[in-house]
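Written below as structure tokens is the structure these notes are about.
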Amino acid sequence: MTLMTPPPIDPEEEEMLVPHSEFAAAEGPQPMEVAPAEAVNAVDAPVVDDPPTARFTWTIENFSRLTGKKLYSEVFFVGGYKWRVLIFPKGNNVDHLSMYLDVADSTTLPYGWSRYAQFSLAVVNQIHSKFTMRKDTQHQFNARESDWGFTSFMPLSELYDPSRGYLLNDTCVVEAEVAVRKVVDYWSHDSKKETGYVGLKNQGATCYMNSLLQTLYHIPYFRKAVYHMPTTENDMPSGSIPLALQSLFYKLQYSDTSVATKELTKSFGWDTYDSFMQHDVQELNRVLCEKLEDKMKGTVVEGTIQQLFEGHHMNYIECINVDYKSTRKESFYDLQLDVKGCRDVYASFDKYVEVERLEGDNKYHAEQHGLQDAKKGVLFIDFPPVLQLQLKRFEYDFMRDTMVKGVRWKREGVVMYVRKNGGKKVT
């Protein structure tokens, strides 16, 4: 047996179960590919060369009567470039208004073109301007990603509610503020020098996996345990998940350039086709941890997965009219939280522990007491140092025959909730 020598770890990390820094998930400006359509309105700012910034206002009348799936604004100029706003009045396969900034002449630009912009998109509240819905982002536009913005900009229920002030006399006012900046040359950008870190290469549709791997890598205790997993001299990274993960973590720590994940995905048994398929990140995480947990048995790092990720809760059924209660303690490695109908993460947790009444045709059969009215619920016993939440943000919409995405909670709320309920610090 051979051990991969772990790189030196800072003294502070030696005793640290979870990292001090917070790694929040990036909010979702997303690209989409679209076909050209007619422009329909006017710009209130001319071309600005110094600085190349301008605000464009788009007034859309008869908004609720729009029949097309998408709609483009008139072309406007910023920094000598042509831009336009693209909206999906009924949502881009979601129950939210979808809105993007688009390079208007992308199909006619020369090969290899690129431009970088910081911009905000807004739906003006025509009753109370302070409630205007505005979102900011930045993007380097190119032939593959010629538009960028927000698929879930704001809920359609809010947009189409006349009392909210976003539709006045069936008119919607959209604003775009665009600042063109110097193009970032990613080929010459030194991530290691600028940030101290390098990223992972995307094989096709592996961004979900890269996010998971980066998260696990930034848990020092987990990273140290991976380095200490024993491997044999005959192991090859492409055929051994532990060795492939050790190699990947080592390169993330010491490489000067972005790191490939092909050896790791080959160790999963994936071919090229699998790398271009969107897999479930929760299932991938569970399978990966199961494989590592099995490899850690009988070694100095046995039990690491449990110590980091395992929490416990108690399922109970308690009769209302007789003295009978059934309980069962269970462990969990992640929690699935409902998003729909919950205003924030607190409400999602409250829904998770919501008490269910067993009565009428759904009475509980209690031993020696027969059918009884009862309460059914779950109580948390303890939380793990690293709490993993699976947000149930997608549900099937039978009317649209598609999966519809919900909203995303802020991570800070998760930390606060667990602390409030007596749990350990989580990441």
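The values are calculated or read from the model by the stated rules, or taken from the named source; none is laboratory data. Here the structure is a predicted model, which means the values were calculated and not measured. In this analysis, Cβ positions are derived from the backbone assuming ideal geometry, glycine residues included, and neighbour counts consider all displayed protein chains. These accessible areas exclude ligands, DNA and RNA; they are computed on the full protein's heavy atoms, side chains included. Shrake-Rupley method; radii C 1.70, N 1.55, O 1.52, S 1.80 Å.
Do any trypsin sites (Lys or Arg not before Pro) in region 271-350 lie in a loop, going by DSSP, with at most 16 other beta-carbon atoms within 10 Å of their beta carbon, and if so which?
Here the trypsin sites (Lys or Arg not before Pro) that fit, given the DSSP loop and packing criteria, are Lys297, Lys340, Arg343.
Report the chymotrypsin sites (Phe, Trp or Tyr not before Pro) located in region 189-277 that are in a DSSP loop and have at most 14 other Cβ atoms inside 10 Å of their Cβ, or state none.
Tyr197, Phe276
At a Förster distance of 41 Å, what's the computed FRET efficiency of Lys192 paired with Thr327, Cβ-Cβ distance as r, to 0.05?
With a Förster radius of 41 Å, E is 0.20.
Alpha carbon centre of region 319-354 versus region 81-104: separation in Å?
38 Å
FRET efficiency for Ser114 and Lys297, Cβ-Cβ distance as r, R0 = 60 Å, nearest 0.05?
Efficiency, rounded to the nearest 0.05: 0.75.
Among Gly377, Ile305, Ala366, which residue has its Cα furthest toward the positive end of the charge dipole of region 305-403, with +1 on Lys/Arg Cβ and -1 on Asp/Glu Cβ?
The listed residue farthest towards the positive side: Ile305.
Which order do you get for His128, His365, His139 if you rank them by accessible area with a 1.4 Å probe, largest at the top?
So the residues, ranked largest to smallest area, are His365, His128, His139.
How large is the charge dipole for region 204-298, taken about the Cα centre, if only the Cβ atoms of Lys, Arg (+1) and Asp, Glu (-1) carry charge, to the nearest 20 debye?
Using Cβ point charges on Lys, Arg, Asp and Glu, region 204-298 gives about 260 debye.
For a quick check of your reading of the filter: which trypsin sites (Lys or Arg not before Pro) in region 76-181 sit in a DSSP loop and have no more than 13 other Cβ atoms within 10 Å?
Arg144
Which lysines, on any chain, are close to Lys297 with Cα under 27 Å apart, when same-chain ones fewer than 8 places away are left out?
Filter leaves Lys224, Lys251, Lys262, Lys266, Lys329, Lys424, Lys425.
In percent, what relative contact order does region 114-208 have, based on Cα pairs under 8 Å that are 6 or more apart in sequence?
Computed over region 114-208, the figure is 35 percent.
Heads up, I need the accessible area for Trp83: 1.4 angstrom probe, whole protein in place, Å², nearest 10.
Rounded to the nearest 10, the figure is 0 Å².
Extending each Cα 7 Å along its Cβ direction at Arg343 and Val287, get the distance between those two points in nm, one decimal.
Placing both labels 7 Å beyond Cα along the Cβ direction yields 4.0 nm.
Pairs of Cα atoms under 8 Å, at least six residues apart: use those to get the relative contact order of region 66-171, whole percent.
Answer for region 66-171 is 25 percent.
Amide H of Phe380 versus every other amide H placed in the peptide plane: which residues, excluding those fewer than 5 positions away on the same chain, fall under 5 Å?
The list, which skips near neighbours in sequence, is Met314.
At 0.36 nm per residue, minus the direct Cα-Cα distance, what do Asp280 and Thr107 gain on full extension? Give it in nm, one decimal, please.
Stretched out fully, the Asp280 to Thr107 stretch lengthens by 58.9 nm.
Please compute the length gained on full extension between Met236 and Thr132, using 0.36 nm multiplied by the number of residues separating them and subtracting their Cα-Cα distance.
Using 0.36 nm per residue and subtracting the Cα-Cα distance, I get 31.8 nm.
Please compute the length gained on full extension between Asp382 and His218, using 0.36 nm multiplied by the number of residues separating them and subtracting their Cα-Cα distance.
56.7 nm is the gain from fully extending Asp382 to His218.
Could you sort Val75, Val300 by accessible area so the largest value comes first, with the probe set to 1.4 Å?
My answer, sorted largest first, is Val300, Val75.
Counting pairs of alpha carbon atoms under 8 Å apart in space and at least six apart in sequence, what relative contact order in percent does region 203-278 give?
Worked out over region 203-278, it gives 39 percent.
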